[in-house]
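Peer 1: Structure in structure tokens, see below.
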Amino acid sequence: HYSLDDEFRKWLAAGFEQIQIYLAPEQQFQQAVVFGIKKRRAVKDKKSSVVLAKLEQFCNLDDKPVLPETWNGDCYVVPAGVDQEIRFNTINIDEIQLTEQINQYPCLWDQFALNLQSCSGQKRRPLMKLSDWHLALALAAGEVSGVVHSNDGKKTYVIKGDTFKDKKHSVKVEEKSNGEFSETRTSIDIFVPVIKALDFTPDSPTFGHVLTIK
């Protein structure tokens, strides 16, 4: 809640209405819970002043209200859908317009390498053998991909890594003292790393075949 400074409060007031704010019940991280209804357009109007005053009042209170265990306020009513055709629009800009945007927001171009560079030029070996979890993270980040060669140099593969979430199911049967049996079924989320390898060895009889490694 201490991050609700003047700038953040003005942003909330301009973009939302009917705001209600409370301290989170657990205050280990000093968090606040903010409820609001998003406006169609972020504009400053009379309602924005009311919302801003409410936010400022909350921040200045020594005894801030805590999120109630049971909600006693009005329920949010979902607006009825409008039966009309949905239209998608796209805008193409030319080189001159792109130059104008870059000149108007130069920070975007200056941070191009920082935000879009996929990996650094220097490669370092890991300090220890990677576990399945480390491998899954590397696959999810797209770091396991490209052309690899076997240790003997006879095979060449083009690989692409990925990871997906699956469930591991188990069943446990226990006998009770009265002779009855109880069955417990457990489902645990697991991350499964997968590598697709395309055989790219010249003159190979399996050239072009896809090998899946799980």
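The values are calculated or read from the model by the stated rules, or taken from the named source; none is laboratory data. Predicted model only: the values in this text are computed from it and were never measured. Neighbour counts are summed over all protein chains in view; Cβ atoms, including those assigned to glycine, are modelled from backbone coordinates with ideal geometry. Heads up: the accessible areas ignore ligands, DNA and RNA and are worked out on the full protein's heavy atoms, side chains in. Shrake-Rupley method; radii C 1.70, N 1.55, O 1.52, S 1.80 Å.
Peer 1: Grab the beta carbon distance between Met128 and Asp199, set R0 = 41 Å, and tell me the FRET efficiency rounded to 0.05.
Peer 2: Details: r = 31 Å, r/R0 = 0.75.
Working from the Cβ atoms, E equals 0.85.
Peer 1: Amide H of Lys155 versus every other amide H placed in the peptide plane: which residues, excluding those fewer than 5 positions away on the same chain, fall under 5 Å?
Peer 2: It is Ser150, by chain and number.
Peer 1: What chymotrypsin sites (Phe, Trp or Tyr not before Pro) in segment 21-69 are in a loop by DSSP, with at most 12 other Cβ atoms within 10 Å of the Cβ? Each step should come with its number before you reach the end.
Peer 2: Numbers: sites: Tyr22, Phe29, Phe35, Phe58; in loops: Phe29.
Qualifying residues, ordered by number: Phe29.
Peer 1: Which length gain, in nm to one decimal place, applies between Leu137 and Val77 when the Cα-Cα distance is subtracted from 0.36 nm times their residue separation? Please report the intermediate quantities before stating the final value.
Peer 2: Working: separation 60, 0.36 × 60 = 21.60 nm, distance 4.08 nm.
This chain segment gains 17.5 nm when fully extended.
Peer 1: Still on this structure: From largest accessible area down, sort Asp132, Asp5, Asp199; use a 1.4 Å probe on the protein chains. Please list the in-between numbers first.
Peer 2: Working: Asp132 115, Asp5 80, Asp199 5 Å².
Highest to lowest solvent-accessible surface, that is Asp132, Asp5, Asp199.
Peer 1: Got a sec? Charge dipole of the chain, +1 on Cβ for Lys and Arg, -1 for Asp and Glu; which of Phe29, Ser204, Cys59 is way out at the positive end?
Peer 2: Ser204
Peer 1: To continue, here is another question. With the contact rule set at Cα under 8 Å and sequence spacing of 6 or more, what percent relative contact order holds for the chain? The partial results should precede the final answer.
Peer 2: On the way: 239 pairs, mean separation 24.3, N = 214.
Relative contact order, the chain: 11 percent.
Peer 1: Working out 0.36 nm times the residue gap between Asn92 and Val66, then minus their Cα-Cα distance, what length gain in nm do you get to one decimal?
Peer 2: Details: separation 26, 0.36 × 26 = 9.36 nm, distance 4.86 nm.
So the extension gain works out to 4.5 nm.
Peer 1: With the other protein chains left in place, how much accessible area per residue, in square angstrom, belongs to the chain at a 1.4 angstrom probe? Kindly include the intermediate steps, with their values, before the conclusion.
Peer 2: Values: 18620 Å² over 214 residues.
Computed with neighbouring chains in place, this is 87 Å² per residue.
Peer 1: What are the ³J(HN,Hα) values, in whole Hz, obtained from phi via the Karplus relation 6.51 cos²θ - 1.76 cosθ + 1.60 with θ = phi - 60°, for each residue of segment 24-29 in sequence order, with x given for Gly and Pro?
Peer 2: 5, x, 9, 9, 4, 10
Peer 1: Rounded to whole Hz and in sequence order, give me ³J(HN,Hα) for segment 91-101 from the Karplus expression 6.51 cos²θ - 1.76 cosθ + 1.60, θ = phi - 60°, writing x for Gly and Pro.
Peer 2: Values, residue by residue: 10, 9, 10, 8, 5, 5, 5, 5, 4, 4, 5 Hz.
Peer 1: From the backbone phi of segment 156-161, what are the Karplus-calculated ³J(HN,Hα) couplings (6.51 cos²θ - 1.76 cosθ + 1.60, θ = phi - 60°) in whole Hz, Gly and Pro given as x?
Peer 2: Here the 3J(HN,Hα) series is 10, 10, 9, 10, 9, x Hz.
Peer 1: Separate question: Rounded, prolate or oblate: which fits the chain when a ≥ b ≥ c are the square roots of the eigenvalues of the alpha-carbon gyration tensor, with rounded for a/c under 1.5 and prolate only if a/b beats b/c? Walk me through the numbers before you get to the answer.
Peer 2: Values: a/c = 2.28, a/b = 1.33, b/c = 1.71.
Here the chain falls in the oblate category.
Peer 1: Enter the angle in degrees (range 0 to 90, nearest 10) between the Cα long axis of helix 6-15 and the first principal axis of the Cα atoms of the chain, meaning the one along which they spread out most.
Peer 2: Tilt of helix 6-15: around 90 degrees.
Peer 1: Using +1 on the beta carbon of Lys and Arg, -1 on that of Asp and Glu, and nothing else charged, what's the dipole of the chain about the Cα centre, debye to 20? Walk me through the intermediate numbers first.
Peer 2: On the way: 27 positive and 29 negative charges, 85 e Å.
That gives the chain a dipole magnitude of about 400 debye.
Peer 1: When the dipole is taken about the Cα centre of segment 1-115, and only Lys, Arg (+1) and Asp, Glu (-1) are charged at their Cβ, what size is it in debye, to the nearest 20?
Peer 2: Numbers: 12 positive and 17 negative charges, 84 e Å.
Here the size comes out at about 400 debye.
Peer 1: Starting with the highest mean, order 10-19, 90-99, 42-51, 182-191 by the number of other Cβ atoms within 10 Å, averaged over the residues of each peptide. Mind showing how you got there, number by number?
Peer 2: Details: 10-19: 17.0, 90-99: 7.7, 42-51: 13.4, 182-191: 9.7.
Highest to lowest by the protection proxy: 10-19, 42-51, 182-191, 90-99.
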